[in-house]
Amino acid sequence: MSIEQPQGRYASFEAFYPYYIHEHSNRTCRRIHVVGTGLVIAAFVAFVATRNAWWLLAMPLVGYGFAWVGHFFFEKNRPATFKYPLWSLMGDFRLFLETVSGKRKF
């Protein structure tokens, strides 16, 4: 099943999410995203625990670093972050929650 981007922009996150999932059809890419998002959460927890601002800097570096490796080397596509930054971030967290809850296969 091919999911194409609309001519304009997606009208809602719910309309965007099937496209997001399609752009993460490679299992290794999805796994790398889940690990990266988990590390972003861990960096945030470390920031809250230590109040060390370096953890805030680590969050986007780890999150985007893992995601972009997944896209460029395994999925071989352009990350949705470039066109849909907020919805892509929301998609990362939804994918993470679906995976850790067992709703989506790791």
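The Cα atoms of region 26-100 cover 37, 25, 21 Å along the three principal axes, with the biggest extent listed first. For residue 90 and residue 57, the difference between the fully extended length at 0.36 nm per residue and the C-alpha to C-alpha distance is 10.0 nm. Label zone of residue 78 (point 7 Å out along Cα→Cβ, amide N under 15 Å): in region 41-71 this covers 71. Taking every C-alpha pair closer than 8 Å and separated by at least 6 residues, the mean separation divided by the residue count of the chain gives a relative contact order of 31 percent. Each peptide in 28-34, 79-85 was scored by the mean count of other Cβ atoms within 10 Å over its residues; highest first, the order is 28-34, 79-85.
A cut-off of 5 Å between modelled amide H atoms, ignoring neighbours fewer than 5 places along the same chain, links residue 104 with 99.
Throughout, read-outs are computed from the coordinates displayed, never taken from laboratory work. The structure displayed is predicted, hence computed values, not measured ones. Don't worry about glycine lacking a Cβ; one is built from the backbone with ideal geometry, like all the others, and counts go over all protein chains shown.
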